[in-house]
Amino acid sequence: MIPDRTTFESAYAGQAPWDIGRPQQAFLDVADQITGSILDASCGTGENALLFAIRGHKVTGIDFLEEPITRARSKATERGLLATFFVMDALALKDLLEVFDNVIDSGLFHVFSDEDRKLYVERLASVLRPGGRLFLLCFSDEKPGTQGPRRVSQKELHDAFAEAWKVESLEPSRYEVRPDLKDVTFSEGGAKAWFAVVRWAA
């Protein structure tokens, strides 16, 4: 299922299932590998972005909805952290007029249709320096059932980044959700996911 804007607006009317109040463990695990400036292409309420702000990175976070951006800005202020957050659709990244050493994507790639996925990859190239890297966490096709977002296979990831990119690593991971969800049941530790590190090789 390809979610629409209303799906996300409804989720952020309360606390979204993926808004776990801390960074995703997958990004904590690779934090030491990431150097330089960072764009969070799907920042939500900012936990992953603020992880890197704490570590002294220049961080920009975008989301296509106002509500999560407002919450992200509030968190940055409350924690005394320097980070830039603003409303922008990731499919419009070519309008950003800024380039970064890294992009992080926590749960964005898997929401796109095939057509938008191609466009997204093109837009990512416009905001990464040559040799820059994308750190991507998405739902895995090894997660049974249909609950939650669209599943992504290893082949789909390799195919998406076949031109002018190099997949440096692709490992099984977990996408954590709130433990108090009543109507969503994922395996312990979170839904099965892929964590990919992809370098812009142009």
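The values are calculated or read from the model by the stated rules, or taken from the named source; none is laboratory data. Since this is a predicted model, take the numbers as computed values, not measurements. A quick note on method: Cβ atoms are made from the backbone with ideal geometry, for glycine too, and the neighbour counts reach across all protein chains shown. Ligands, DNA and RNA are stripped out before the accessible areas are found, and what is left, the full protein with its side chains, is counted by its heavy atoms. Shrake-Rupley method; radii C 1.70, N 1.55, O 1.52, S 1.80 Å.
Beta bridges assigned by DSSP with both partners in the chain are antiparallel in approximately 50 percent of cases.
If you plug the beta carbon distance of L28 and E115 into 1/(1 + (r/R0)^6) with R0 = 22 Å, you get a FRET efficiency near 0.10.
Protection proxy ranking, highest mean first, for peptides 133-140, 158-165: 133-140, 158-165, where packing is the per-residue count of other beta-carbon atoms within 10 Å, averaged.
Over the chain, Cα pairs under 8 Å with separation of 6+ residues give a relative contact order of 21 percent. Rolling a 1.4 Å probe over the heavy atoms of the protein chains gives the chain an accessible area of 48 Å² per residue. Over every Cα atom in the chain, the radius of gyration and the widest Cα-Cα span, Dmax, amount to 15.7, 46 Å.
Around the Cα centre of the range 22-81, unit charges on the Cβ atoms of Lys, Arg, Asp and Glu (plus for the first two, minus for the last two) sum to a dipole of about 220 debye.
For the chain, adding -39500 (n - 2.57) for each run of n ≥ 4 DSSP H residues and dividing by the number of residues yields -8000 deg cm²/dmol at 222 nm.
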